[in-house]
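Student: I have a structure I would like to understand better, so I am pasting it below and will then ask my questions one at a time.
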Amino acid sequence: MKIPPNHSLCPVLLCLSFICFTMSVQKSIKVERNQSKHLEEEKQVHHRPKRGWVWNQFFVLEEHIGPEAQYVGKLHSNADKGDGSVKYILSGEGAGTIFVIDDSTGDIHATKSLDREQRVHYILHAQALDRKTNKPLEPESEFIIKVQDINDNAPAFLEGPYSASVPEMSEVGTSVLQITATDADDPTYGNSARVVYSILQGQPYFSVDPNTGIIRTALPNMDREAREQYSVVIQAKDMAGQIGGLSGSTTINITLTDANDNPPRFPQKHYQLYVPESATVGTAVGKIKATDPDIGVNADMKYSIIDGDGLGIFTISTDKDTREGVIILKKPLNYEKKKVFTIKIEGENTHIDPRFWNLGPFKDTANLKIIVGDVDEPPVFSVPFYVMDVYENTKLGTVVGAVTAQDPDSAKNLIRYFIEHDEEAEGYFNIDANSGVIKTMKQLDRENTPWHNITIIAAELDNPLQLTQVPVAIQVLDVNDNTPELAEDYDTILCENAKPGQVIQTVRAVDKDDFANGPRFYFSFVEGFPPNPNFTLQDNEAIIVLFITLKRSKKEPLIISEEDIRENVVTYDDEGGGEEDTEAFDITALRNPAVAEEVRFRRDVRPDVQPVPRHRPPSAPNSPDIHEFITQKLQEADLDLSVPPYDSLQTYAYEGHGSIAGSISSLDSVTTHSEQDYNYIGDWGPQFKKLSELYGVDESERTN
């Protein structure tokens with residue numbers, strides 16, 4: 001298959017048989033030359049047939065616009081004699097839809113406009129068939145139809161518009177930003193995709209490299225404070241910038257960033273501030289600000305007071321948000337003492353750029369005159385609180401003390417005093433409105449209320465709203481107006497065998513008065529009662545001790561006779577003869593006349609009531625009423641109030657005469673000396689001296 005030499009091609013179809021040409025005449029010649037060459041080869045070589053395909057690609061222009069289909073090329077087989085017996089068929093990408101073939105002539109046409117930027121080439125297959133038998137005359141061959149580019153796409157900035165920044169005062173040539181434009185045309189064919197850059201807007205401040213698209217500063221000392229924003233327009237043009245090339249543009253917004261190239265400056269050198277003397281310590285009383293055209297950290301500054309007579313009265317801090325100097329009162333003001341202060345304030349940048357030292361110094365000063373305003377102040381007491389005292393039981397109207405307050409203002413208004421209303425209800429004190437003297441209105445009792453707390457108010461006579469309070473504590477002093485009292489009711493129990501000098505009770509007294517008027521106490525027996533020589537009092541530092549004063553050497557039995565009426569043990573001189581004594585239980589012995597002896601009492605105890613008279617038992621010797629006799633004795637013992645109230649066993653028996661056993665009763669043991677000796681307590685040390693004196697026995701008693 002071959003392309004006839006006399007066929008016509010579109011003037012832009014330049015390539016056949018692997019080689020591109022610029023003119024169709026040259027192409028025809030080349031095809032003819034190739035065809036002649038093939039004919040010679042066919043004549044020389046006969047052992048295998050060769051097909052007449054001398055091509056493998058066609059070209060078609062993109063973006064074809066016209067009423068007719070665009071001619072692509074022609075297929076021709078050596079077997080085609082021009083009689084229509086050969087049928088050409090086309091298959092592959094776009095066959096039948098985009099590309100169609102005349103099956104008799106082999107002419108190929110493109111029925112649609114093609115876009116190289118969407119598809120670069122199409123792969124198709126061609127075959128020549130016998131029209132009658134529909135059998136292939138030659139093997140199927142593959143070829144390519146390439147879409148040939150035309151300059152139909154302008155350069156584009158896909159990421160625009162752009163934003164960039166560069167520090168102010170930058171040197172010429174400082175890089176700002178690099179931009180890149182893209183061209184969809186074929187970069188391998190002609191100059192359709194060759195782009196160059198130029199600046200349309202932004203001169204003379206900035207420039208752009210035509211090949212790289214790098215934007216740079218073009219002027220020195222660009223000052224942000226003079227101009228901060230720049231709008232730069234950059235153009236990209238293909239065809240290497242030649243006439244007829246397509247172009248695209250974009251905008252770059254360039255901002256000059258700040259540098260600390262401006263020192264702070266106070267708008268004026270002298271300022272004046274009014275501050276009332278009532279201003280509270282620690283509060284802000286004024287503000288001052290130094291201006292700085294810089295922004296951000298480059299405008300940050302610090303304020304300080306560097307001189308002036310108000311250096312210790314005022315201080316200054318920096319408000320980081322507003323960059324103002326806040327003047328704060330450090331000590332109280334007093335218009336009457338000082339009316340005017342002067343301070344010198346300095347404002348200084350905290351971040352300094354060494355590149356701009358020559359533009360400094362980066363600080364400034366200003367003088368501030370502070371005028372203290374006079375304020376009507378409330379009265380001031382001489383002391384912050386008062387403590388007074390007065391004796392209890394003093395007469396009404398007694399002077400307790402006085403308070404003093406003055407008007408601190410220059411007017412020196414008169415002061416009036418009064419007691420706070422809520423506390424005045426107590427009515428114990430009043431105050432002279434003019435002098436401030438406090439007096440009693442009621443009788444005071446220290447034992448009920450030792451302290452009184454009142455509040456005194458001082459107010460200006462001409463302006464009662466100007467008032468001040470002060471606390472007053474009044475102590476009620478003690479006088480000896482309370483008698484001593486026993487601390488408790490004492491109930492003393494004394495054992496019958498108590499030793500002389502033994503402590504039997506400790507008595508303590510109390511007094512409602514304070515220590516100065518209370519202890520020490522002095523104790524004594526109540527006058528009017530007969531003294532009892534058996535007891536004595538000993539003062540033991542505010543307490544007393546009751547002692548037994550019986551002499552150990554002269555102890556007497558507590559029972560008048562050998563009869564012990566506490567247990568009513570009756571002794572008889574008769575003693576039984578033992579088991580051999582047949583008269584041991586003679587009932588008449590129980591009627592011993594000694595039984596009827598007059599009742600005797602203890603000499604150391606005085607009975608409170610008279611004892612019940614005792615009746616003698618029947619004297620008839622042969623009377624058998626023993627039960628009545630014993631019952632009578634028991635009743636006498638129960639009704640005798642002079643004996644101790646403990647239980648006892650009343651035994652009435654007769655042992656007979658001559659018993660050598662003697663009495664086994666313990667009642668006579670009180671007459672014997674105790675074997676317990678407490679004198680060793682004195683050897684324990686000085687702290688046991690008092691105990692030794694109470695329980696020990698002196699040498700005189702020990703020898704008697």
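The values are calculated or read from the model by the stated rules, or taken from the named source; none is laboratory data. No experiment lies behind these values; they were computed from the predicted model shown. Because the Cβ atoms are built from the backbone with ideal geometry, glycine has one as well, and the counts that use them run over all protein chains shown. Heads up: the accessible areas ignore ligands, DNA and RNA and are worked out on the full protein's heavy atoms, side chains in. Shrake-Rupley method; radii C 1.70, N 1.55, O 1.52, S 1.80 Å.
Student: Need the full-extension length gain, HIS64 to ILE504, defined as separation in residues times 0.36 nm minus the C-alpha distance. One decimal, nm.
Tutor: Taking 0.36 nm per residue and subtracting the Cα distance, the gain is 143.8 nm.
Student: With the other protein chains left in place, how much accessible area per residue, in square angstrom, belongs to region 287-347 at a 1.4 angstrom probe?
Tutor: About 52 Å² of surface per residue is accessible.
Student: Can you compute the radius of gyration and Dmax for region 71-128, using only the Cα atoms, both in Å?
Tutor: Calculated on Cα positions, Rg and Dmax stand at 12.5, 42 Å.
Student: So, in nm, how far is label ASP321 from label ASN532 when the simple model puts each one 7 Å beyond its Cα toward the Cβ?
Tutor: Taking the simple label geometry, ASP321 and ASN532 are separated by 9.2 nm.
Student: More than 20 Å apart: what percent of Cα pairs in region 178-271 qualify?
Tutor: Numbers: 2209 of 4371 pairs.
Here the tail beyond 20 Å accounts for 51 percent of pairs.
Student: Tally Lys/Arg at +1 and Asp/Glu at -1 over every other residue whose Cβ is under 13 Å from the Cβ of ILE415; what's the total?
Tutor: Result for the neighbourhood of ILE415: -4.
Student: With the full set of protein chains in place, find how many percent of the accessible area of region 355-452 is carbon and sulfur; take the probe as 1.4 Å. Could the numbers behind the result be given before it?
Tutor: Details: 3010 of 5610 Å².
Within region 355-452, the accessible surface is 54 percent carbon and sulfur.
Student: If you add up the charges near ALA402, with Lys and Arg at +1 and Asp and Glu at -1, over every other residue whose beta carbon is less than 11 angstrom from its beta carbon, what do you get?
Tutor: 0
Student: For region 309-433, I need the span (max minus min coordinate) of the C-alpha atoms along each principal axis, in Å, sorted largest to smallest.
Tutor: So the extents along the principal axes, rounded to whole Å, are 90, 27, 22.
Student: Just order 446-453, 217-224 by mean Cβ neighbour count inside 10 Å, highest at the front, would you?
Tutor: Details: 446-453: 13.8, 217-224: 16.1.
For the peptides 446-453, 217-224, the packing ranking is 217-224, 446-453.
Student: I've got another one for you. With every protein chain kept in place and ligands, DNA and RNA left out, what is the accessible area per residue of region 115-257? Probe 1.4 Å, answer in Å².
Tutor: On a per-residue basis, region 115-257 sits at 52 Å².
Student: Output ³J(HN,Hα) for region 259-270: one whole-Hz value per residue in order, computed from phi by the Karplus curve 6.51 cos²θ - 1.76 cosθ + 1.60 with θ = phi - 60°, and x for Gly and Pro.
Tutor: Per-residue couplings from phi come out as 10, 7, 10, 10, x, x, 9, 6, x, 9, 8, 10 Hz.
Student: For region 162-202, what % of the accessible area comes from carbon and sulfur atoms, probe 1.4 Å?
Tutor: Within region 162-202, the accessible surface is 48 percent carbon and sulfur.
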